[in-house]
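Worksheet: the structure to be examined is printed underneath.
The values are calculated or read from the model by the stated rules, or taken from the named source; none is laboratory data. These figures come from a predicted structure and were not determined experimentally. We place every Cβ from the backbone using ideal geometry, glycine too, and count neighbours over all the protein chains shown.
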Amino acid sequence: MHRHHRLRDTGVLVLGIVMLAAITVGTGIGAVSSGAMPVSSFTPLSLDLPSDGPAGPVAGDVAGTAPGLSARTAPTRRPDALLSRSQVDEGDARGGLAAARPAPAMAPPVAGASIETEGGPVAASAASLSVPRPVAAFLGDSYTTGWAGAGLGAAGWPSIVAADRGWRVVNRSVAGTGFVNPGWTGQPVRTRVAAIVGANPGIVFVAAGHNDRRYGVRATARAADAVLRRLRRDLPDAVIVVIGPIWQDGSPPASILGIRTALRRSAASIDAIFIDPVGDGWFGGAAHRFILADGIHPSNAGHRRLAARVLTALESVR
């Protein structure tokens, strides 16, 4: 009889200890503050999604994460996002400093169709280069950023070319600059190579030299050669396209012809594609009508013509 009472009392004592332990844990004894969350609760998952340009973050796939840990995920990139990042990062092409406004969206040309210019339709390329990644990067000057309201965003030749091929645009061009010429912003081409490499493009277009005519052929050739060799070293599997100086008429000065020859040589040394706007007469003779009233920069129709010439040149390379 006494033994049964002792067992019952022992059971009550054990139950009391268990209840006291549960209360102790629930009230957070040992926490930093009296308002601490009970340890049995789950800490909310924090997602740090990196921004993908002016539109903000785009969520990617998130793997399962233990409570209290922060998960990072790379954004899912849209292959049809064709707005040139130079419109935001490098500023308005009209001044090179003020924030630019995106141009209205333009329907991309259909491969195998045609791109209309003031001189009539030019066949768009249906061929496809072997490009390891669907990202096209651009380095250049105002001919590649657009200028005075023409060739901005989707109306520029980089976006038209990329739309034809299904590439996403990364445009690090800055108006007024060159291989040597720092322009108004102090950003010669070499200062933007790291950003291009960081984007890990499958194809890189380098279109500069127009603004280097006063710096001499030798200095420009050395600077251009250094840029191209670095691109080839850091992007060994990328297609590199070197576009010679784009001139606004059919009478470029001797320095531009010298720079054109030097760029052709540098392109060959790194196994790059070379395109010759001067030799092909892109804006010479009657084609000068595709240039704006300033006598230098292409109009929107001029950008369509420029894109058509680039696509035609790429079509011959398989």
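Residue 190 passes all but one of (1) within 17 Å of the chain's Cα centre (by Cα); (2) closer than 23 Å to residue 306 by Cα; (3) in a helix (DSSP H, G or I); which number fails?
Single failed check for residue 190: (2).
Evaluate the range 169-178: report whether one residue or more is farther than 26 Å from residue 213 by Cα and either at pLDDT 95 or above or not assigned by TED's automatic domain parsing to the domain that holds residue 244 (or both).
Looking for residues that are farther than 26 Å from residue 213 by Cα and either at pLDDT 95 or above or not assigned by TED's automatic domain parsing to the domain that holds residue 244 (or both), one finds at least one in the range 169-178, hence yes.
What pairs can you find where one residue is in the range 256-274 and under 21 Å from residue 312 (Cα atoms), the other is part of a loop (DSSP other than H, G, I, E, B), and their Cβ atoms are less than 6 Å apart, with a gap of 6+ or different chains?
From residues that are under 21 Å from residue 312 (Cα atoms), the pairs are 260/244; 260/245; 260/278; 263/244; 273/317.
Scan 266, 255 and give me the residue that is part of a helix (DSSP H, G or I) and within 19 Å of residue 183 (Cβ to Cβ).
On inspection, the qualifying residue turns out to be 255.
Could you check how many residues of the range 138-170 are assigned to a helix (DSSP H, G or I), of a type in the set (Gly, Ala, Ser) and touching a His at 6+ places or on another chain (Cβ under 7 Å)? Can you show your working first?
Kept after step one, since they are assigned to a helix (DSSP H, G or I), are these residues of the range 138-170: 142-145, 153-155, 157-165.
Applying the additional criterion that residues be of a type in the set (Gly, Ala, Ser) yields 142, 153-155, 159, 162-163.
Retained after the next criterion (residues that are touching a His at 6+ places or on another chain (Cβ under 7 Å)): 142, 155.
So the count comes out to 2.
When the range 171-187 is examined, which residues are found to be surrounded by 24 or more Cβ atoms within 10 Å (Cβ to Cβ) and either within 14 Å of the chain's Cα centre (by Cα) or not aromatic (Phe, Trp, Tyr) (or both)?
From the range 171-187, those surrounded by 24 or more Cβ atoms within 10 Å (Cβ to Cβ) are 171-175, 177-179; that's our starting set.
Listed by number, the residues that qualify are 171, 172, 173, 174, 175, 177, 178.
Test residue 304 against the stated conditions and say whether it is in contact with a strand residue (DSSP E or B) (Cβ under 6 Å, 6 or more places away or on another chain) and crowded, with 23+ Cβ neighbours inside 10 Å. Spell out how you get there, then give the answer.
Numbers: in contact with a strand residue (DSSP E or B) (Cβ under 6 Å, 6 or more places away or on another chain): yes; crowded, with 23+ Cβ neighbours inside 10 Å: yes.
It is true that residue 304 is in contact with a strand residue (DSSP E or B) (Cβ under 6 Å, 6 or more places away or on another chain) and crowded, with 23+ Cβ neighbours inside 10 Å.
Consider the range 193-215. How many of its residues are in contact (Cβ under 8 Å) with a residue 40 or more places away in the chain, out of contact with any strand residue (DSSP E or B) (no Cβ under 8 Å at 6 or more places or on another chain) and outside any loop (DSSP other than H, G, I, E, B)?
So the count comes out to 3.
For the range 155-165, indicate whether the set of residues that are surrounded by fewer than 18 Cβ atoms within 10 Å (Cβ to Cβ), over 26 Å from residue 257 (Cβ atoms), among the polar types (S, T, N, Q) and touching a residue at least 12 places away in the same chain (Cβ under 8 Å) is non-empty.
No; the residues of the range 155-165 include none that is surrounded by fewer than 18 Cβ atoms within 10 Å (Cβ to Cβ), over 26 Å from residue 257 (Cβ atoms), among the polar types (S, T, N, Q) and touching a residue at least 12 places away in the same chain (Cβ under 8 Å).
Out of all the residues in the range 116-130, is one or more at pLDDT 95 or above, touching a helix residue (DSSP H, G or I) at 6+ places or on another chain (Cβ under 8 Å) and not in a strand (DSSP E or B)?
no
So which residues in the range 281-318 are acidic (Asp, Glu) and at pLDDT below 95, if there are any at all?
If the condition is that a residue be acidic (Asp, Glu) and at pLDDT below 95, then 315 is the only one that fits.
Go through the range 233-252 and count every residue that is in a helix (DSSP H, G or I) and either among the hydroxyl-bearing types (Ser, Thr, Tyr) or closer than 17 Å to residue 138 by Cβ (or both).
The number of residues fulfilling the criteria is 1.
For the range 287-318, how many residues are out of contact with any Lys or Arg (no Cβ under 9 Å at 6 or more places or on another chain) and part of a loop (DSSP other than H, G, I, E, B)?
Matching residues across the range 287-318 total 9.
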